[in-house]
1. Sort out which residues of the range 438-488 are outside any helix (DSSP H, G or I), farther than 21 Å from Gln73 by Cβ and touching a residue at least 40 places away in the same chain (Cβ under 8 Å), and write them in order of number.
2. Enumerate the pairs (first residue in the range 242-257 and in contact (Cβ under 8 Å) with a residue 60 or more places away in the chain; second residue anywhere and open to solvent by less than 60 Å² (accessible area, probe 1.4 Å)) with beta-carbon separation below 6 Å, excluding pairs fewer than 6 apart on the same chain, so at least 6 apart or on different chains.
3. Just checking, how many residues over the range 57-99 are touching a residue at least 24 places away in the same chain (Cβ under 8 Å), under 26 Å from Ser447 (Cβ atoms) and open to solvent by 20 Å² or more (accessible area, probe 1.4 Å)?
4. Taking the range 370-405, which residues are part of a loop (DSSP other than H, G, I, E, B) and either touching a strand residue (DSSP E or B) at 6+ places or on another chain (Cβ under 7 Å) or surrounded by fewer than 24 Cβ atoms within 10 Å (Cβ to Cβ) (or both)?
5. If Tyr441 satisfies every condition in (1) within 15 Å of Val58 (Cβ to Cβ); (2) at pLDDT below 90 but one, which is the exception?
6. Looking for something within 22 Å of Val178 (Cα to Cα), open to solvent by less than 40 Å² (accessible area, probe 1.4 Å) and hydrophobic (A, V, I, L, M, F, W, C) - is there at least one such residue anywhere in the range 211-232?
7. Give the residue, chosen from Gly120, Gly142, Gly106, that is out of contact with any helix residue (DSSP H, G or I) (no Cβ under 7 Å at 6 or more places or on another chain), surrounded by fewer than 16 Cβ atoms within 10 Å (Cβ to Cβ), touching a residue at least 12 places away in the same chain (Cβ under 8 Å) and of a type in the set (Gly, Ala, Ser).
8. Give the residue that is farthest from Leu206 (Cα to Cα), with candidates limited to residues of the range 244-287 that are part of a strand (DSSP E or B) and hydrophobic (A, V, I, L, M, F, W, C).
Amino acid sequence: MSGDNVIKGGLVVGLLSMPVAAQGAPSLKPQCRTQLQRDLDAIASQPLFNQARLGIAVQPLQASQPLYTKDAQRYFLPASTTKVMTTAAALTRLGPKFRIQTDLYGAGSGPTLDHLRIVGRGDPTLSDQQLQQIATQLKQKGIRQINHLLGDDTYFQGPGIVPSWEWEDLQAGYGAPVNSLILNQNAYELKIWPQALGQPLRVEWLSPHPIGPWRQINRTRTVAQNAPEYIEIVRRLKGNTLEIEITGQLRAGAPYDRFAVAVIDPGWFLLKRFRAILAAHQITVGKLSLLSTSQERDAVLKGKSEQRFTQIQSPPLTTLIKTTNQESNNLYAEALVKTLGAVQQQSSPNTHQQGLKVLKQTLTQLGVNASTYAVADGSGLSRQNLVSPLALTQTLKGILKSPHASTFQTSLPKDSIGQNSPSTLWSKSGGMRGVSTLTGYLQHPQSSPVLFSLMFNQYNQSGSKRRQAMDALLLSINRWQSCQGRNG
């Protein structure tokens, strides 16, 4: 998880100190703009992109019109640059200090509780560590027996996964389901590394083994240095047994790789882990129940009085959006979308769809044209997402002109442009098969920040050629900024 360091200086100082024209917009030098257009046209028209689709939007933050566009109003697959829209909307609607709460309610008194109910609200940071702390608190209160452990999974309604996610994505930790009761990001984490040539790869579980009947099937091998490398992990239920099958190969002497495998039934996963942790603290648990609907919850609690034992709070939204953008964490992004839907306190059978409605309403408030995008999720994992470069630059413009500009800035990965450039790059990348995107802004000390969105779709060139083209595009924008400064 990302730390909480704040990068000083940067955007806010730049915006306040930048000279602008009398109308409040920077005076764009014609010769600089003409050279930029030539450069970008030349890069985009390279023969290697003849079969690809390129969308480009370049927009000075303080200007009313784009500096350069190429198919900027057309739809593209955005991949993880969708998270820019999600985090901007969440920050605007919820505020930087917002925290997600998990409550524990109990009935009875020590040493025996009639029941203990853990009420989840989609905290993506909840882990074994917090459950260990709860178990310690209960033991200190003299609790030795819990007759009924209840998992209240009712805050988010509807499916845990987005229906348009692809099957292979659902196997991996980055495609884990998102429910009200999230634990350990709803994934098992593995460490895999080669052994002697011809031997199976070594597999080590970095998180606790699945609880209940399960087996690991290792169909891997260690191969020679010139052989290709790949790993595929599939989990399936066969009857009541969870099978985790690992296939693939790594080269002898290669470093280890880390992988995450999605949990199939996350609510029960949390309950069973919690029971095991309580048992380790000498607290016996009788019956387990997972409450998935308000009707189930009301029926179980009818006639019973409860008191709140404790509350767990997530880190502030500032930290959550930093993890979302800097680690490109899909589960965090989808949890934020569902939170946007749930905090509306409007009854909906599908919290995710409700959250997408709120996301769109919030982006409209930020000045994003609702006709320039159509999103199916908040992470960008779905191939049904359709986003234009213009939508992304409008999102950036809206959030960077808001009171949350500095907070949003520090949520983005930070980089530099070339070895000798004074500019700072703040950007979010995205990638999936045939898709490569980058959106963000360049901060030059002598000019207003320049927002950009670069979207490559349907390309079959090597990753290195695509990266070279993106680097060339960014360097051209940076040269325009330097030209503005020299001629300003």
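1. Once the filter is applied, which keeps residues that are outside any helix (DSSP H, G or I), farther than 21 Å from Gln73 by Cβ and touching a residue at least 40 places away in the same chain (Cβ under 8 Å), the range 438-488 yields Gln443, His444, Pro445, Gln446, Ser447, Ser448, Pro449, Asn460, Gln461, Gly488.
2. Matching pairs, first to second residue: Ala254/Pro194; Tyr256/Lys191; Tyr256/Trp193; Asp257/Ile192.
3. Within the range 57-99, residues that are touching a residue at least 24 places away in the same chain (Cβ under 8 Å), under 26 Å from Ser447 (Cβ atoms) and open to solvent by 20 Å² or more (accessible area, probe 1.4 Å) number 7.
4. Correct list: Val375, Ala376, Gly380, Ser382, Arg383, Gln384, Ser388, Lys401, Ser402, Pro403, His404.
5. (2)
6. No, every residue in the range 211-232 fails to be within 22 Å of Val178 (Cα to Cα), open to solvent by less than 40 Å² (accessible area, probe 1.4 Å) and hydrophobic (A, V, I, L, M, F, W, C).
7. From the options Gly120, Gly142, Gly106, the qualifying one is Gly142.
8. Once the filter is applied, the top-ranked residue is Val285.
The values are calculated or read from the model by the stated rules, or taken from the named source; none is laboratory data. Remember, predicted model here, so these are calculated numbers, not experimental data. Cβ atoms come from the backbone with ideal geometry, glycine included; neighbour counts cover every protein chain shown. Ligands, DNA and RNA are excluded from the accessible area calculation, which covers all protein heavy atoms including side chains. Shrake-Rupley method; radii C 1.70, N 1.55, O 1.52, S 1.80 Å.
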